[in-house]
Amino acid sequence: DSGCMYPEVMTVSEGGLKEYTKKPTKENNKLIWKDLPKESGDETIVRTADNPFNQSGGLKLLQGNLGRSVIKISAVPQDRYIIEAPAIIFDTQEELLSAFDRGELEKDFVAVVRFQGPKANGMPELHKLTPPLAVLQNKGFKVAIVTDGRMSGASGKIPAAIHLSPEASANGPISKIRNGDMIRLNAMVGTLNALVDEDTWYERENENLSDQLRNNNAHDIGRELFAGMRKNVISAEEGAITWL
């Protein structure tokens, strides 16, 4: 009814997309389809297009001197839309988990998890990061994630700038971040920046993945098969594919 659908689209069912807006019911042992009610039965679950939960969608673009990334804010508390805290660098999600287990993360910080993009190691799922960071956030610490990797569900209630492009393995700005650099993530206005003096930032060299981790990414249980894909893959922002 809001004009957001194209009813003329052909589907496997007769009648086009309009038929998918009807509700199946059973009357006299027969299946019939009825129009849905005009009003929502529970506006905490379903609302009309002219009465949305939020005026903007749950996904936002973040950009700045660290590149371009996306963030899912629909589950993030509004008091966590803006995080400014010192960076702690991790080259694997296991490094972050070990630091958490050692009790080294009981403070405000931005976890910079780099070398997780398509060129580095195929952009694996970083789902292990959510539970420990959620624990720290529940303790009152201001925490966030900045990564060139991906996370299922975009991390839920943790502010997470993901799919950052260019990635670290493509000499993206994320590889210039050093421990202690102040990082500002602002999901209100869509910015993501390292608060480093401009001249210092320009002159700073990109860090590279250690030889050991690079070797681990390339040689293990058949990973050698994907060497060509890692070499030729395009950025996450462009789809992280190896062909066009």
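Please treat every number below as a calculation from the coordinates, not as lab data. This one's a predicted model, so the numbers in the text were calculated from it and none came from an experiment. Note that we place each Cβ from the backbone using ideal geometry, even for glycine, and neighbour counts take in every protein chain shown.
Okay, helix-only estimate at 222 nm for the chain: each DSSP H run of n ≥ 4 adds -39500 (n - 2.57), divide by all residues, round to 500 deg cm²/dmol; what do you get?
Numbers: 6 runs with 42 residues, N = 244.
After summing the helix terms and dividing by the residues of the chain, the value is -4500 deg cm²/dmol.
Could you work out the relative contact order of the chain? I mean the mean sequence separation of Cα pairs under 8 Å and 6+ apart, divided by the number of residues, in percent. Please list the in-between numbers first.
Details: 440 pairs, mean separation 47.4, N = 244.
Once divided by the residue count of the chain, the mean separation gives 19 percent.
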Neighbouring Cβ atoms within 10 Å as the yardstick, rank M123, M5 fewest first.
-> M5, M123
Taking only Cα atoms of region 52-106, radius of gyration then Dmax in Å = 14.9, 44
Final fewest-first order of W243, W201, W33 on the 10 Å Cβ neighbour count is W243, W33, W201
Which of the pairs K107/K142; K72/K176; K72/K139 have their Cα atoms more than 19 Å apart in this structure?
-> K72/K176; K72/K139
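Please sort by residue number the GluC sites (Glu not before Pro) in region 1-71 whose DSSP state is loop and whose Cβ has at most 13 other Cβ atoms within 10 Å. Mind showing how you got there, number by number?
Values: sites: E8, E14, E19, E27, E39, E43; in loops: E8, E14, E39, E43.
Those that pass, being in a loop and sparsely packed, are E8, E14, E39, E43.
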For region 5-18, just list the computed ³J(HN,Hα) in residue order, Karplus coefficients 6.51, -1.76 and 1.60, θ = phi - 60°, integers in Hz, with x standing in for Gly and Pro.
-> 10, 9, x, 7, 4, 7, 10, 6, 9, 5, x, x, 5, 4
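Mind putting a number on the dipole of region 1-133 about its Cα centre? Charges go on the C-beta only, +1 for Lys and Arg and -1 for Asp and Glu, and I need it in Debye to the nearest 20.
Details: 17 positive and 20 negative charges, 70 e Å.
Its charge dipole is roughly 340 debye.
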What fraction of the Cα pairs in region 1-121, stated in percent, has a spacing above 20 angstrom?
-> 69 percent
Long-range amide H partners of G149, meaning residues 5 or more apart or on another chain whose placed amide H is closer than 5 Å, are Q116, H163, L164
Charge dipole (the chain, unit charges on Cβ, about Cα centre) - positive-most of A161, F90, V135 | V135
Can you list the residues, at least 5 places off or on another chain, whose amide H is less than 5 Å from the amide H of I183, using H built in the peptide plane?
-> A85, A87, L195
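Does region 1-53 classify as rounded, prolate or oblate by the C-alpha gyration tensor (a ≥ b ≥ c root eigenvalues; a/c under 1.5 gives rounded; else a/b over b/c gives prolate, otherwise oblate)?
Numbers: a/c = 3.26, a/b = 1.22, b/c = 2.68.
Oblate shape, in that a/c is at least 1.5 and b/c is the bigger or equal ratio.
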Considering only A75, A161, A87, give the residue with the highest GNM mean-square fluctuation for the chain, with springs between Cα atoms whenever their separation is below 10 Å.
-> A75
Under a point spin-label approximation (7 Å from Cα along Cα-to-Cβ), what is the V9-S40 distance to one decimal in nm?
-> 2.2 nm
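Taking 0.36 nm per intervening residue step and subtracting the Cα-Cα distance, what contour gain separates W33 from E84 on full extension? Walk me through the numbers before you get to the answer.
On the way: separation 51, 0.36 × 51 = 18.36 nm, distance 5.27 nm.
Length gained, W33 through E84: 13.1 nm.
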Which cross-chain or sequence-distant (5 or more) residues have an amide H under 5 Å from the amide H of I241, H modelled 1.01 Å from N in plane?
-> I234
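Arrange the following residues from fewest to most other Cβ atoms within 10 Å of their Cβ: K22, K72, K157, K119. Working shown, then result.
Details: K22 13, K72 21, K157 17, K119 24.
So the ranking, lowest neighbour count to highest, is K22, K157, K72, K119.
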